[in-house]
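A.B. asks: Could you have a look at this structure, given as structure tokens, before my questions?
The values are calculated or read from the model by the stated rules, or taken from the named source; none is laboratory data. This structure is a prediction, so every number in the text was calculated from the model and none was measured. Heads up, the Cβs are rebuilt from the backbone with ideal geometry, glycines too, and the neighbour counts pull from every protein chain shown. Surface areas here come from the heavy atoms of the whole protein model, side chains and all, with no ligands, DNA or RNA. Shrake-Rupley method; radii C 1.70, N 1.55, O 1.52, S 1.80 Å.
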Amino acid sequence: MNWSFLAQTDLLPADLLPSPPLRRGGAAKPAASKAPPSSWSSELLNMAASIAPRCSLPAAIVIALLLGCCSLAIADGIQDQAEQFFRSGHTNNWAVLVCTSRFWFNYRHVANTLSVYRSVKRLGIPDSHIVLMLADDMACNPRNPSPATVFSHTNMELNVYGDDVEVDYRSYEVTVENFLRVLTGRIPASAPRSKRLLSDDRSNILIYMTGHGGNGFLKFQDSEEITNVELADAFEQMWQKRRYNELLFIIDTCQGASMYERFYSPNIMALASSQVGEDSLSHQPDLGIGVHLMDRYTFYVLEFLEEIHPASQTNMNDLFQVCPKSLCVSTPGHRTDLFQRDPENVLITDFFGSVRKVEITTETISLDPNLAPQETSHAVDEVATEALKYAEQLPVAQIIHQKPKQKDWHPPGGFILGLWALIIMVFFKTYGIKHMKHIF
């Protein structure tokens, strides 16, 4: 506080001015501008008590008013800081990952979605906050030479299908209607929790979509389409129903930028793999499987995400630069005009990571000692038993990686006939035709 004003107006005696704190070397140090509010209020009360008996009535009234205004300002500042803390951001993350294509030649679209699924799980978003929609089950396709696996790279080392994939909507459940119901929360009461997007106004949502599309539409299983107008209206319903705080929309399809042209709801950031009139190209062809393993844009996005860790400070501007036209062949696009924050201040982990709700308290919590597990003297009970994973209950690894059993050797059918022919030729050469009468 500027106490010199009170001294200049003769409202405060000079001997009552607070002396500046001294440094260890003895020199005066200016008062800190960010002192704790509690010290300010106590200092004001002490000074008011010491000033009142020594000042005239008008001066005391003015000082009381000034001190009252300062106290109100300090209280308002504390309240603003508290409100800013509780309104400063999101408290939870959700992800909706959608593959809209079926049939074996669209293997790459399933690999795209499963690769993003693996990345968001690695960065902390649990399965309970992920809605995974796969239009086809490539892992169990009869054409798959490695059953129960989906690979995203030609080295065939990373199985993105994994042992703990939880697919919430599969096969013919992946429809435009179900997708819109998930976004807007219009799910039947009989649907399980895993099929619901239980977000709120403090949720940051990542929506990733891949498949075949065109100018203003995205195909679902080659039988129906969702338009950019329908998608924009669904996002507006989500905003009106307070189902998200911020939303990141990523789409990898031909003419993907046309899908976010009609967005009009606030706090939406959108990225696309190609502009209007451009195709989104595939990547990583595999001759053994006979199809491409991934799309170019998703491949380079995932390569970028592999360098991200939960405490990373990488922002969205870095994500915008991951796939230039020299690599993607198409021109990736993004839209940020509806987003309220500067993309430079938006961390990648704000959408691809997870925020856990934590309440800090200074109170001491006493735990009931009766709730502690009682020790037993049985040696059998002391042995810790770990729950078996689903993959460990079945010999999946042995089935996939076992060598084929060696079959019993049997001579081919023509071998016996050739052997008899050789015997007859040797006989004729040795004895001639004249001895045939002795044989028959």
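A.B. asks: Counting only residues that are among the charged types (D, E, K, R) and within 22 Å of residue 230 (Cβ to Cβ), how many does segment 167-202 have? Please lay out each step first, then the result.
C.D. replies: Applying the first criterion (among the charged types (D, E, K, R)) to segment 167-202 yields 168, 170, 173, 177, 181, 186, 193, 195-196, 200-202.
Then keep just the ones that are within 22 Å of residue 230 (Cβ to Cβ); that gives 168, 173, 177, 181, 186, 195-196.
The number of residues fulfilling the criteria is 7.
A.B. asks: Among the residues of segment 128-153, which ones are out of contact with any Cys (no Cβ under 9 Å at 6 or more places or on another chain), more than 17 Å from residue 173 (Cβ to Cβ) and in contact (Cβ under 8 Å) with a residue 12 or more places away in the chain?
C.D. replies: Answer for segment 128-153, where residues must be out of contact with any Cys (no Cβ under 9 Å at 6 or more places or on another chain), more than 17 Å from residue 173 (Cβ to Cβ) and in contact (Cβ under 8 Å) with a residue 12 or more places away in the chain: 128, 129, 141, 143, 144, 145, 146, 149, 150, 151, 152, 153.
A.B. asks: Could you tell me whether segment 204-223 includes any residue that is without any contact (Cβ under 8 Å) to a residue 40 or more places away in the chain, farther than 22 Å from residue 124 by Cα and within 24 Å of the chain's Cα centre (by Cα)?
C.D. replies: Among the residues of segment 204-223, not one is without any contact (Cβ under 8 Å) to a residue 40 or more places away in the chain, farther than 22 Å from residue 124 by Cα and within 24 Å of the chain's Cα centre (by Cα), which makes the answer no.
A.B. asks: Looking at segment 228-244 only, could you name the residues that are open to solvent by 30 Å² or more (accessible area, probe 1.4 Å) and within 19 Å of residue 215 (Cβ to Cβ)?
C.D. replies: 229, 230, 233
A.B. asks: Looking at segment 145-164, which of its residues are within 20 Å of the chain's Cα centre (by Cα), of a type outside the set (Val, Ile, Thr), on the phi < 0 side of the Ramachandran plot and in a loop (DSSP other than H, G, I, E, B)?
C.D. replies: Scanning segment 145-164 gives 152, 158, 161, 163, 164.
A.B. asks: Any residue in segment 337-348 that is under 13 Å from residue 312 (Cα atoms) sitting within a Cβ distance under 8 Å of a residue that is hydrophobic (A, V, I, L, M, F, W, C)? List the pairs, counting only those 6 or more apart or interchain.
C.D. replies: So the pair list comes out as 346/269; 346/316; 346/339; 347/316; 348/305; 348/308; 348/316; 348/319.
A.B. asks: Would you call residue 139 over 19 Å from the mean Cα position of the chain (by Cα) and at pLDDT 85 or above? Give the derivation first.
C.D. replies: Working: over 19 Å from the mean Cα position of the chain (by Cα): yes; at pLDDT 85 or above: yes.
The answer is yes for residue 139.
A.B. asks: Find the residue count for segment 129-142, including only residues that are under 17 Å from residue 179 (Cα atoms) and part of a helix (DSSP H, G or I).
C.D. replies: 1
A.B. asks: Of all residues being open to solvent by 30 Å² or more (accessible area, probe 1.4 Å), of a type in the set (Ser, Thr, Tyr) and touching a residue at least 40 places away in the same chain (Cβ under 8 Å) in segment 174-200, which is nearest to residue 213 (Cα to Cα)? Just the residue, please.
C.D. replies: Selected residue: 175.
A.B. asks: Given the criterion open to solvent by 30 Å² or more (accessible area, probe 1.4 Å) and over 17 Å from residue 286 (Cβ atoms), identify the matching residue among 171, 203. So that I can check it myself, show each step before the final result.
C.D. replies: Values: 203 fails: open to solvent by 30 Å² or more (accessible area, probe 1.4 Å).
Every option except 171 fails the conditions.
A.B. asks: When both residues are 6+ apart or on different chains and their Cβ atoms are under 8 Å apart, which pairs have a first residue that lies in segment 98-124 and is assigned to a loop (DSSP other than H, G, I, E, B), and a second that is among the acidic types (Asp, Glu)?
C.D. replies: 101/136; 101/222; 102/136; 102/222; 103/136; 103/222
A.B. asks: Right, next: Which residue is farthest from residue 208 (Cα to Cα), if the candidates are limited to segment 266-295 and must be of a type in the set (Ser, Thr, Tyr) and open to solvent by 10 Å² or more (accessible area, probe 1.4 Å)?
C.D. replies: First pass over segment 266-295, keeping only residues of a type in the set (Ser, Thr, Tyr): 273-274, 280, 282.
So of that shortlist, the ones also open to solvent by 10 Å² or more (accessible area, probe 1.4 Å) come out as 280, 282.
On the way: 280: 15, 282: 17 Å.
By that ranking, first place goes to 282.
A.B. asks: Would you call residue 258 of a type in the set (Ser, Thr, Tyr) and open to solvent by 10 Å² or more (accessible area, probe 1.4 Å)? Let's see the steps before the verdict.
C.D. replies: On the way: of a type in the set (Ser, Thr, Tyr): yes; open to solvent by 10 Å² or more (accessible area, probe 1.4 Å): no.
No: the conditions fail for residue 258.
A.B. asks: Test each condition in (1) more than 16 Å from the chain's Cα centre (by Cα); (2) open to solvent by less than 50 Å² (accessible area, probe 1.4 Å); (3) of a type in the set (A, V, I, L, M) for residue 247 and report the one that comes out false.
C.D. replies: (1)
A.B. asks: State which residue pairs qualify: first residue in contact (Cβ under 8 Å) with a residue 60 or more places away in the chain and inside segment 305-329, second residue assigned to a loop (DSSP other than H, G, I, E, B) and polar (S, T, N, Q) in any location, beta carbons under 7 Å apart, and separation of 6 or more residues or different chains.
C.D. replies: Correct list of pairs: 308/314.
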